[in-house]
Ligand SMILES: [Zn+2]
């Protein structure tokens, strides 16, 4: 990945943006894409739209990725100066304890730790149990309510995981043979800033390489996905897409304990094409079209399926009069935690696949997706 793109990904994933508080990552995307887009705008829920005109006004091809991340919101300050919190998005209680966070206040970002009563003081039978987040608090070093308030803390402050982007270069081996190399990114908020990143890189590639496309591409950095696909609703209403390729993380199945039938894709084996999730059955003609575009361009890819969970596409495909939709993802390990992992080669291949698909999505092709 070139340095400029990597620096953009780093800045984007490090930025502060739990669901409902996405201005910082949205601005980073806007500043990056504006020179490659014909127009940028935002909707009433804060989602960013960036348009790249092709040789025909229609069809309108929407490529959204959500820029919110899972985080927290301060619910109270107790007498000892500790903060209680509600989750913004889905968290597994077990990954929270002992983690660093940053609380955003009017006086800046305050570092803190998610903590609970120490195990030494718990009765034996309690020590083996998972501590629930209702019993946790954020310690910001205050000793009473006044000190916390003086730091700028108040009810409603948003909180994000404190986690910094980094990379690991590795040599790839498969069945005992050397198969090139890859760079693995570690960081927070890959769900789903990687999607917004891919959308931005697609528009950049179309512009820089002067690639002709018989449609209008609308990239979107949507908001509030993690709290119920809310930004997707207004984005679909504003854009009225004729076809949608939602960009997301996919749950990588190459983690001990995960069976192939639970998550079939692996990190580093190519972008994933989702054949089913609990929010959408993709348009079958679009699915076949994308698979054959990947085959023809020799872009590695994996078929995926997710029994539980959904994406922005779950809302977009039933918006307006309905919209042929598909989810293309980057297999990511350890999502909804302080740090996940994904392959930059998979990410680059997702961009390549999208560009290949966008090049071919003309009026006739898109009409064929819903013909009977
Ligand atoms: Zn998520």
* Asked: Normalised by the number of residues in the range 1-77, what is the relative contact order in percent for Cα pairs under 8 Å and 6+ residues apart?
  -> 30
* Difference of contour (0.36 nm per residue) and Cα-Cα distance, residue 307 to residue 6 -> 105.1 nm
* Structure fact -> Hull volume per residue for the range 121-183, using the convex hull of the C-alpha atoms, in Å³ is 222
* Asked: Over the range 102-252, how many percent of alpha carbon pairs lie in each 5 Å bin up to the one with the longest distance?
  -> 2, 6, 10, 11, 12, 13, 13, 11, 9, 6, 4, 2, 1, 0
* Acute angle (nearest 10 degrees) that the helix 284-296 long axis makes with the longest principal axis of the chain, alpha-carbon atoms -> 80
* How are the Cα pair distances of the range 274-372 distributed, in percent, across 5 Å bins from 0? -> 2, 11, 20, 23, 22, 13, 6, 2, 1, 0
* State the volume of the convex hull built on the alpha-carbon positions of the chain, expressed per residue in Å³ and rounded to an integer. => 152
* Which angle between 0 and 90 degrees, to the nearest 10, do you get for helix 190-208 versus the longest principal axis of the chain when only C-alpha atoms count? -> 40
* Compute the distance in nm between two label points, each set 7 Å from the Cα along the Cα-to-Cβ direction, one at residue 93 and one at residue 162. => 2.4
* Asked: What is the distance, in nm, between label points placed 7 Å from the Cα along the Cα-to-Cβ direction at residue 143 and at residue 182?
  -> 5.1
* Principal semi-axes in Å for the range 72-156 [√(5λ), Cα gyration tensor, largest first] -> 24, 15, 10
* Asked: With contacts defined as alpha carbon pairs under 8 Å and 6 or more residues apart, what's the relative contact order of the chain in percent?
  -> 22
* Per-residue [θ]222 nm for the chain (sum of -39500 (n - 2.57) over DSSP H runs n ≥ 4, rounded to 500) -> -8000 deg cm²/dmol
* If packing is taken as the mean number of other Cβ atoms within 10 Å per residue, what is the order of 312-318, 33-39, 295-301, highest first? -> 312-318, 33-39, 295-301
* Report the extension gain between residue 261 and residue 237 in nm, rounded to one decimal, defined as 0.36 nm multiplied by the number of residues separating them, less their alpha carbon distance. => 5.1 nm
* Asked: By how many degrees, 0 to 90 and rounded to 10, does the Cα axis of helix 344-360 deviate from the longest principal axis of the chain?
  -> 40
* Can you tell me the relative contact order of the range 72-156? Whole percent, Cα pairs under 8 Å, sequence separation 6 or more. => 42
* To do: Sort the following peptides by mean Cβ neighbour count (other Cβ atoms within 10 Å, averaged over residues), highest first: 43-53, 92-102.
  => 43-53, 92-102
* Asked: Full extension from residue 174 to residue 288: what is 0.36 nm times the residue separation minus their Cα-Cα distance, to one decimal in nm?
  -> 38.2 nm
* Compactness ratio of the range 163-246: Cα Rg over 2.2 N^0.38 Å, N = residue count? -> 1.47
* Jot down the radius of gyration and Dmax of the range 27-69, Cα atoms only, both in angstrom. => 11.2, 35
* To do: Translational diffusion coefficient, Stokes-Einstein: compute it for the range 208-270 using the Kirkwood radius over C-alpha pairs as Rh, at 20 °C and 1.002 mPa s, and state it as an integer in µm² s⁻¹.
  => 143
* **Rg(Cα)/(2.2 N^0.38 Å) for the range 239-326, N = residue count** => 1.11
* What is the packing order of peptides 210-219, 66-75, 138-147, taking the mean over residues of other C-beta atoms within 10 Å and listing the highest first? -> 66-75, 210-219, 138-147
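Readers should treat all values here as calculations from the given coordinates under stated rules, not as data from a laboratory. Note that the structure is predicted; figures quoted are calculated from it, not measured. So basically every Cβ, Gly included, is an ideal-geometry build from the backbone, and we count neighbours across all protein chains shown.
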